[in-house]
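Written below as structure tokens is the structure these notes are about.
The values are calculated or read from the model by the stated rules, or taken from the named source; none is laboratory data. Values in this document were obtained by computation on a predicted structure and should not be read as measured data. In this analysis, Cβ positions are derived from the backbone assuming ideal geometry, glycine residues included, and neighbour counts consider all displayed protein chains. Only protein heavy atoms, including side chains, enter the accessible area calculation; ligands, DNA and RNA are left aside. Shrake-Rupley method; radii C 1.70, N 1.55, O 1.52, S 1.80 Å.
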Amino acid sequence: MKEEHGLTYYIDLISRRLNLFLTILIGTALLIFIAGETSRPVYQSSTTILVNRNLDRATPDILFNSSLTSLSSRPFLANHIEILKSRSLAKKVIDTLPEELRNELLRYSGTDPAQELAASVSARSVRDADIIKISVNAPTRRLAQEIARAYVNAYQAWTLERNRADIRAIREFVFGQLQTVTVRLDSTERVLENYKQRIATADLSVQAKALIERQSAVLSLYEQTATQLAGLEKELSLLSPLVDSAPALSTSLPLVTTLNQELTRLVTDRTNLLLQGYDTLHPRIILLNQRIVEIQNQSRALLPTGNLPAPLNIVLPRYLELTTEIARLKAQSATLRQATASYETELARLPTAERQLARYTRDVEVARQLHSLLELKFEEARIQEAGRLSAVGLIDEPGPAKKIRP
């Protein structure tokens, strides 16, 4: 039979073991106190950021996931969270810290400060929102708060750099073309001036002037078309990796190709009529223009319906627009090239000296017009680049750090 113990038994047990209980209690408290005083404290500061889907172009590797829609923010934010916790971003943060704070951080770090900093950062998405909360642990209150602030600044700069990368490539391409044409313009002007001095004449006959005016206009338009075509093809090459594997395009692109073939025929007909002297208000030209607009609208209508993940919802319309515009420019370029060849035949009928003067005059005029176009395009690209915004916006400034350990 089980023995029952009353309250007196337990009081007697405690009184006989009191010294042991007190020793254990005091020893445990002392160990905790010593550990707390000797271990390095850890402080945490937190901040929140908003990731704008419409401005984000930094996550192409998850664009074509069929489960990714605008109603699901988890895959969209997952890439941002992984980047925030990456060693490469931690290294950028360390590099941007003021020297005093960087030295303080390195004093507490081991052999790989960037990896240790990355391990001290946590990021999590806020449910049903494109918001990420970033928390940073550091040995001091000031370090925790300043590193959290540096993380926001570094990530804003990183996304801004990614968002400007494509337009910067276009600007650099146009700048390179502009430098080439500037050299060409200077060279042709010198050649023309030297030739005029050598033959002691500065004027062309009325027939030659009329021919040069027509040929310069066509050749200038051809050069401008070729330059625009090269620029758009450069932009298309930047967008192609984002779009080529998109399942949504499997049925759209063949139809776009068919429409572009029709567009090529229409543009060729219109360009030939304009070269023949038809006015832009002529009924045939107006009818062709209307049909060209219809083809372009049909191409836009081929965009996949439904919600598309960012930035595919921005890239895809531009990609199809570029495809159509490149087809138009190629058709126009081919027709203009044929026209310049026919003008060259007419030019060959002029007397030798006048023919050479006409060619030099034409080359200068074409180079001037092309130079003006490229200057305009360069300024447009520079303004667009400056207007690009970061996909990351600050919501809450990093708060005062709180001690979390010990």
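Assorted remarks:
- Averaged per residue, segment 137-220 has 52 square angstrom of accessible surface, using a 1.4 angstrom probe with ligands and nucleic acids left out.
- Cα-derived Rg to Rh of segment 120-163, Kirkwood definition: 1.04
- The overall shape of segment 262-406 is oblate: from the C-alpha gyration tensor, with semi-axes ordered a ≥ b ≥ c, the ratio a/c is 1.5 or greater and a/b is no larger than b/c.
- Prolate/oblate/rounded call for segment 79-137, Cα gyration tensor, a/c under 1.5 rounded: prolate
- In a DSSP loop and with at most 15 other Cβ atoms within 10 Å, the trypsin sites (Lys or Arg not before Pro) in segment 119-200 are ARG127.
- Accessible area ranking (1.4 Å probe, heavy atoms, ligands and nucleic acids excluded), largest first, for PHE21, PHE378, PHE33: PHE33, PHE21, PHE378.
- In this structure, the pairs whose alpha-carbon distance is over 19 Å, taken from LYS209/LYS330; LYS133/LYS402; LYS209/LYS377, are LYS209/LYS330; LYS209/LYS377.
- Cut-off under 5 Å, modelled amide H: who pairs with TYR43 long-range: ALA138, THR140, ILE404
- Vicinal HN-Hα couplings computed from phi for segment 225-240 (Karplus, 6.51 cos²θ - 1.76 cosθ + 1.60; Hz; Gly/Pro x): 4, 5, 5, 4, 4, 5, x, 5, 5, 5, 5, 4, 5, 6, 8, 4
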